[in-house]
1. Could you look through region 119-144, keep only residues that are among the basic types (Lys, Arg) and out of contact with any Gly (no Cβ under 9 Å at 6 or more places or on another chain), and pick out the one that is surrounded by the fewest Cβ atoms within 10 Å (Cβ to Cβ)?
2. Which of (1) surrounded by 14 or more Cβ atoms within 10 Å (Cβ to Cβ); (2) more than 25 Å from GLY23 (Cβ to Cβ); (3) more than 18 Å from the chain's Cα centre (by Cα); (4) not charged (D, E, K, R) does GLY116 not meet, given it meets every other one?
3. Six or more apart or on different chains, Cβ atoms under 6 Å: show the pairs whose first residue is in region 111-134 and over 20 Å from ALA11 (Cα atoms) and whose second is buried (at least 18 other Cβ atoms within 10 Å of the Cβ) and polar (S, T, N, Q).
4. Go through region 88-102 and give me each residue that's exposed (fewer than 15 other Cβ atoms within 10 Å of the Cβ) and farther than 24 Å from CYS163 by Cβ.
5. Please enumerate the residues belonging to region 151-179 that are of a type outside the set (Asp, Glu) and loosely packed, with under 15 Cβ neighbours inside 10 Å.
6. For residues that are in contact with a helix residue (DSSP H, G or I) (Cβ under 8 Å, 6 or more places away or on another chain) and crowded, with 17+ Cβ neighbours inside 10 Å, tally how many sit in region 103-113.
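The values are calculated or read from the model by the stated rules, or taken from the named source; none is laboratory data. No experiment lies behind these values; they were computed from the predicted model shown. Here the Cβ positions follow ideal geometry from the backbone for every residue, glycine too, while neighbour counts run over all protein chains shown.
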Amino acid sequence: MSDAVTALNGARYEGFATIEDQGLTGMITLRGDLASKEVKAAVKSAIGLAVPAQRQALTGDGAAALWMSPDELLLMCPYDKVGDTIAALEQALKGQHFLAVNVSDARCFMRISGRGAREVLAKVCPVDLSPDAFTPGMFRRTRMAQVPAAFWLDEAGAFHLVCFRSVADYAFDLLKASARPGGEVGLYA
């Protein structure tokens with residue numbers, strides 16, 4: 001069996017913001033009734049987090065629960081724990097209508113940080129990223145230029161972005177171009 005690698009293989013760019021590959025990360029699509037006590041308990045048991053509210057991201061202890069739609073979450077965990085996490089979800093949701101699928105190798109996970117992180121994303125995404133409109137814990141699914149992407153803001157001011165592996169190089173190059181020194185607009189200065 002070959003060794004798993006990320007689509008960006010550790011790529012990093014330093015401009016007026018830093019764009020970096022976040023390495024192998026476990027990602028599980030969970031579909032079901034997010035309001036049910038069974039799903040809430042299963043998520044809490046499997047990754048230690050609650051089911052997030054609409055357009056929210058919850059993170060902690062190497063895990064994340066991201067609201068994707070009214071019946072879908074993206075759960076993140078260590079890459080080598082995906083099988084155990086899915087098994088825990090399946091056990092907790094036995095008899096319920098749900099779907100839990102490993103999508104780790106179909107996704108790319110990046111971090112955008114530094115003083116220009118908001119501006120870098122604002123240049124390529126149709127989302128109001130002003131500090132008053134987009135606060136830590138908020139989550140958005142949107143288009144990043146021509147590709148679908150999803151991201152959230154952490155308490156330290158860094159953005160965490162997930163996109164399809166098939167467009168990882170394009171997404172990374174797009175963010176690099178947006179973060180090139182001299183390209184600052186100063187919108188959030």
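1. ARG143
2. For GLY116, the failing item is (2).
3. Pairs that qualify, where the first residue is over 20 Å from ALA11 (Cα atoms) and the partner is buried (at least 18 other Cβ atoms within 10 Å of the Cβ) and polar (S, T, N, Q), are LYS123/SER178.
4. Scanning region 88-102 gives GLU90, GLN91, LYS94, GLY95, GLN96, HIS97.
5. ALA156, GLY157, SER166
6. Adding up the residues that qualify gives 5.
Condition check ((1) within 12 Å of the chain's Cα centre (by Cα); (2) at pLDDT below 95; (3) under 14 Å from VAL162 (Cα atoms)) across all residues:
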{"residue": "ALA11", "(1), (2), (3)": "no, no, no"}
{"residue": "GLY15", "(1), (2), (3)": "no, no, no"}
{"residue": "GLU38", "(1), (2), (3)": "no, no, no"}
{"residue": "ALA46", "(1), (2), (3)": "no, no, no"}
{"residue": "LEU49", "(1), (2), (3)": "no, no, no"}
{"residue": "ALA53", "(1), (2), (3)": "no, no, no"}
{"residue": "THR59", "(1), (2), (3)": "yes, no, no"}
{"residue": "TRP67", "(1), (2), (3)": "yes, no, yes"}
